[in-house]
Structure formats: structure tokens, C-alpha cells
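The values are calculated or read from the model by the stated rules, or taken from the named source; none is laboratory data. What you are looking at is a predicted structure, and each value in this text was computed from that prediction instead of being measured. All Cβ positions, glycine included, derive from the backbone under ideal geometry; neighbour counts span all protein chains shown. Quick note on the areas: whole protein, heavy atoms, side chains included, nothing else; ligands and nucleic acids left out. Shrake-Rupley method; radii C 1.70, N 1.55, O 1.52, S 1.80 Å.
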Amino acid sequence: MEAPALLSMAVKLSVAGLWHLGTVTAACLASAGHDVTGFDADVDVVHRLQADGQPPIVEPGLRELIDRG
């Protein structure tokens with residue numbers, strides 16, 4: 001069964017808030033091939049993610065998703 005065209009094309013997305021839900025969502029979407037930009041009011045969270053991919057939370061497999069995305 002073939003996926004609908006909309007589901008198989010990469011899209012540009014923004015995720016506001018990069019704590020638990022936002023970081024996991026952004027990482028999953030990016031690892032699926034989408035162009036994801038994350039925003040957060042805490043600049044330290046953003047800087048850590050940009051510098052070395054360090055997520056603000058501990059979630060099994062999250063670091064690997066960030067690295068893939």
C-alpha cells in the first residue's frame with residue numbers, strides 16, 4: 001500500500017517549546033526527513049541542542065533521534 005503523496009513528502013515545520021513534548025516531536029519529525037526548526041524561550045536549551053545535540057530531558061533513544069535528524 002502506497003502512502004498518500006502528502007505523507008511521503010518532506011515539509012518545513014516549526015516546533016515551539018523544546019522541553020519534553022517539543023524535543024521528542026521535533027526529533028521524530030526531523031529523523032523522518034522533515035526540515036524542522038525548534039524555538040524555545042530558554043536560550044540555554046537551544047544552545048545545547050545546537051552545540052552538541054544535548055537534549056534538555058532524559059528520554060531513551062532521544063539523543064539518537066536528534067543525531068539522525
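Residue count for the stretch 33-61 under the criterion of being closer than 19 Å to S14 by Cβ, among the hydrophobic types (A, V, I, L, M, F, W, C) and not in a strand (DSSP E or B): the result is 5. When each of D35, D67 is tested for being touching a residue at least 12 places away in the same chain (Cβ under 8 Å), surrounded by fewer than 17 Cβ atoms within 10 Å (Cβ to Cβ), of a type in the set (D, E, K, R) and in contact with a Gly (Cβ under 7 Å, 6 or more places away or on another chain), the lone residue that passes is D67. The C-beta contact set for the stretch 8-21 (first residue within 16 Å of H34 (Cβ to Cβ), second residue open to solvent by 90 Å² or more (accessible area, probe 1.4 Å) and assigned to a helix (DSSP H, G or I), distance under 9 angstrom, 6+ apart or interchain) comprises V15/L21.
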